[in-house]
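All of the numbers you see were taken from the coordinates with simple rules; none came from a lab. Note that the coordinates shown come from a computational prediction; the quantities given were computed from them, not determined experimentally. Note that we place each Cβ from the backbone using ideal geometry, even for glycine, and neighbour counts take in every protein chain shown.
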Amino acid sequence: MTETLTKTETRTELDLPWNVVVHNDPINLMSYVTLIFKKVFGYSTQKATEHMMEVHQKGRSILWSGARERAELYVQQLHAHLLLATLERE
Amino acid sequence: MPEGDAERGAPVISVYNRQRKLRPELAWLRRFATRALPEVLRQQPGPGEAPLPLLEEVEVSLVSDATIARLHRDFMQIAGPTDVITFQHGEIVISTETARENAGLYARSVRDELALYLVHGLLHLYGYEDGDPAEAARMHELQESLLARCLGLPAAPAFDTPFAQPTE
């Protein structure tokens, strides 16, 4: 009896999510940062405030994770609002 | 008293200058803020939401009329600048330009006017509200007496100061 084994390997690296990270800055008001998070991501006031406080207290917060193209768009929008945002990969 | 309150220290209060319209007495305001915060916390909290004792930090920002007008519009849908806007997450935003204008009207120094707004913001964070006239009057009276106490002065009369005549 002959058996044929087909092995398929998938590289999962490509599927790792990209993180949109916002860093603390000395310029923007806390309230304004919250407002931008609501505008860009459509987050509720509570969720936007939680992220803002994380940025404020810990220096950074991951605002969104997912596909590269969309993450890049978010970073661009955050930059347009003069926030310090970067794209990172896990 | 809710559990944990005894161990929790008062929030840290910081004052930042984020405008260039006038040069504020920042060091003095910072000293004032650290005096005013415990004075406010010694009062009975107001009837509204009072996050102040639970906050880790209160951030006070001095801004221009243009900046406060933008916040006024974006958060309260009201056009034009205002003196002070307080956010429940522990942020007090104060316009130095409006302070200078009102200081002239109320015969107060700009420094004391800024200090008054700081007390006003702290009282908002401590549950005091100024939505209806009775609440506003109560808050006004309390903020004037707290201001006077923190400045080491007798409490100023509530409304007649702007009309006071020079004594000469």
Per the filter on the stretch B:94-107, residues under 21 Å from residue B:16 (Cβ atoms), part of a helix (DSSP H, G or I) and either in contact (Cβ under 8 Å) with a residue 40 or more places away in the chain or within 14 Å of another protein chain (Cβ to nearest Cβ) (or both) are B:96, B:97, B:100
Tell me which of these residue B:91 doesn't satisfy, since it passes every other one: (1) away from chain A (no Cβ under 11 Å); (2) surrounded by 22 or more Cβ atoms within 10 Å (Cβ to Cβ). (1)
For the stretch B:40-51, check the following and say yes or no: at least one residue is more than 13 Å from chain A (Cβ to nearest Cβ), more than 24 Å from residue A:50 (Cβ to Cβ), surrounded by 15 or more Cβ atoms within 10 Å (Cβ to Cβ) and touching a strand residue (DSSP E or B) at 6+ places or on another chain (Cβ under 8 Å). no
Within 12 Å of another protein chain (Cβ to nearest Cβ) and under 22 Å from residue B:74 (Cβ atoms): is that true of residue A:35 in this structure? yes
How many residues does the stretch A:38-53 hold that are among the charged types (D, E, K, R) and more than 12 Å from chain B (Cβ to nearest Cβ)? 1
Given the criterion within 25 Å of residue A:37 (Cβ to Cβ) and among the charged types (D, E, K, R), identify the matching residue among B:49, B:25. B:49
Scan the stretch B:23-42 and give yes if some residue there is small (Gly, Ala, Ser), closer than 23 Å to residue A:57 by Cα and without any contact (Cβ under 8 Å) to a residue 60 or more places away in the chain, otherwise no. no
Across the stretch B:60-82, which residue is nearest to the other protein chains (Cβ to nearest Cβ) among those that are assigned to a loop (DSSP other than H, G, I, E, B) and hydroxyl-bearing (Ser, Thr, Tyr)? B:64
Matching residues, the stretch A:44-90, being without any contact (Cβ under 8 Å) to a residue 12 or more places away in the chain and either acidic (Asp, Glu) or not in a helix (DSSP H, G or I) (or both): A:44, A:50, A:54, A:69
By residue number, the members of the stretch B:108-129 that are over 17 Å from residue B:51 (Cβ atoms) and either charged (D, E, K, R) or not in a loop (DSSP other than H, G, I, E, B) (or both) are B:108, B:110, B:111, B:112, B:113, B:114, B:115, B:116, B:117
